[in-house]
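Below: one structure, written as structure tokens.
The values are calculated or read from the model by the stated rules, or taken from the named source; none is laboratory data. Everything numeric in this text was worked out from a predicted model, so none of it was measured. Glycine also receives a Cβ, built like all others from the backbone with ideal geometry; neighbour counts cover every protein chain displayed. Ligands, DNA and RNA are excluded from the accessible area calculation, which covers all protein heavy atoms including side chains. Shrake-Rupley method; radii C 1.70, N 1.55, O 1.52, S 1.80 Å.
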Amino acid sequence: MSTVPTTSTATTAPRKGGGRSRLSLPVVLLIAAAGLALFSLTRVISGANDLTSVGQVSGALQLAVPIGLAGLGGLWAERAGVVNIGLEGMMILGTWFGAWAGYQWGPWTGVLMGIVGGALGGLLHAVMTVTFKVNHIVSGVAINILAVGVTRYLSNYTFAEAEGGSSKQSPRIGEITDITIPGLSDWMADLQAHHWFFVSDLAGIIGGVVTHLSLLTVVAILLIPGTWWVLWRTAFGLRLRSCGENPVAAESLGVNVYTYKYVAVAVSGGLAGLGGAFLAIVSTGIYQEGQTGGRGYIGLAAMIFGNWMPGGMALGAGLFGFTDSLKLRGGAENVHAVLLFLAILLVAAVIWQLVRRRWVGAAVSAVFSALLFLWYALTDEVPSQFVDAAPYVATLLVLALSAQRLRMPKADGMPYFKGQGK
């Protein structure tokens, strides 16, 4: 009778190379408080009071959700050993199917159909990579291209003939209920309006989370701890992750590797499709051709930044969502203030590098810090082109800075043939 690995094996086995110890909750909270204090100092010096306003935080959260859902989808696939470059195409399918069903039968039906549309893209990716052993990158790119063509073709026969629609956009979709916590929302808005150091910034963050929060946003946030629990605290999750680490060993213990890979990639596509449906239904209330805007790729970058872990991925999605939201409120002024924040942050990095006797790293950080201080001092705002490019610049910088600590699943992207473990 075959046996399968138990959850204790995954949670107690040490990492090769002496992996980094996990930070305790008090330490994480202390780091978060220090970061917020630094951000508050930047706001006070620069006078860019919209940096942590209720509207800014609310907008950042709304922009972060689709990126986070795409990143979560990538995490499911890659933990099972399948690289999913096709997240962008699956999001596109989610936007179209979500809008098509949403304007006819209501927004929640649109959400479900968005998940179905993305899952179909995920299943196609699984067939190509798991069954036919197509290169994962090639398959993902093909799905991205296919999704654009399919949705454009379908739009010509559906939205173009519907009232209020056209070949490139859908009719208006009904709204999903949002929630506001009475009393607390107004109180946080009042505190934030005083622009006090730290207190107003904390109030702006809390206010942004409790004001006009879509129920679908709540669902998306709950999916992050839900994914962690399923993948790291259940036997199913352990088997799935074993397929991404060592599928030969997994099969020798009775795990059906193909089945788990198929399930993981289908869930991956469904989550990306949910992100696409969120864009069409919650963010804009309408489907528009090209509205994903590369968020599937940014979601993949958020997953890599988070080291293939849900919490880190959520942090990366929040960072990219916040950077993207800067251009919506205050624009050039806000991004200009971020230059000062980065310069101060690099000063702290210089001190840290000196304490650890990393002279080269300290010198490089000092040079970039000086350049940023100079840029901030000699200008009043940044060019509009840089404002538009800020989310993508942030993506590249974060990936470059976090590259040293990344550890992808060992069998990620590698072809697997059934029977290798026998």
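Going by the conditions given, is Pro14 over 26 Å from Leu342 (Cα atoms) and at pLDDT below 90? For Pro14, the condition - over 26 Å from Leu342 (Cα atoms) and at pLDDT below 90 - is met.
The residues listed here are Ala77, Ala70; of these, the one that is within 18 Å of Leu406 (Cβ to Cβ) and of a type in the set (Gly, Ala, Ser) is Ala77. Looking only at the range 104-158, residues that are β-branched (Val, Ile, Thr) and touching an Asp or Glu at 6+ places or on another chain (Cβ under 6 Å) come to 0 in all. Scanning the range 33-66 for residues that are over 23 Å from Ser185 (Cβ atoms), modelled with pLDDT under 95 and under 21 Å from the mean Cα position of the chain (by Cα) yields one hit, Gly35. Highlighted here are the helices (runs of 4 or more DSSP H) found entirely within the range 136-233 that include at least 2 residues which are touching a Ser or Thr at 6+ places or on another chain (Cβ under 9 Å), open to solvent by 20 Å² or more (accessible area, probe 1.4 Å) and under 22 Å from Gln104 (Cα atoms): 136-157. Quick one: in the range 393-419, which of the residues that are at pLDDT below 75 and open to solvent by 90 Å² or more (accessible area, probe 1.4 Å) is nearest to Tyr260 (Cα to Cα)? So the residue we want is Gln404. Just one residue in the set Leu319, Leu271, Leu328 is within 17 Å of Ile221 (Cα to Cα), open to solvent by 40 Å² or more (accessible area, probe 1.4 Å) and either in contact (Cβ under 8 Å) with a residue 12 or more places away in the chain or touching a Leu at 6+ places or on another chain (Cβ under 6 Å) (or both); that residue is Leu319.
Go through Leu120, Leu124, Leu112, Leu72 for me and flag whichever is assigned to a helix (DSSP H, G or I), open to solvent by less than 20 Å² (accessible area, probe 1.4 Å) and either more than 28 Å from Met408 (Cα to Cα) or not basic (Lys, Arg) (or both). That would be Leu72, the only listed residue that is assigned to a helix (DSSP H, G or I), open to solvent by less than 20 Å² (accessible area, probe 1.4 Å) and either more than 28 Å from Met408 (Cα to Cα) or not basic (Lys, Arg) (or both). Pairs meeting the criteria (first residue in the range 173-201 and free of Cβ contacts under 8 Å to residues at least 60 places away in the same chain, second residue in a loop (DSSP other than H, G, I, E, B) and surrounded by fewer than 19 Cβ atoms within 10 Å (Cβ to Cβ), beta carbons under 7 Å, at least 6 apart or on different chains) are Asp178/His212; Thr180/His212.
So is Val355 surrounded by 18 or more Cβ atoms within 10 Å (Cβ to Cβ) and more than 14 Å from Ala48 (Cβ to Cβ) or not? In short, no.
Answer yes or no as to whether Gly285 is buried (at least 17 other Cβ atoms within 10 Å of the Cβ), of a type in the set (Gly, Ala, Ser), in contact (Cβ under 8 Å) with a residue 60 or more places away in the chain and in contact with a Gly (Cβ under 7 Å, 6 or more places away or on another chain). The answer is no for Gly285.
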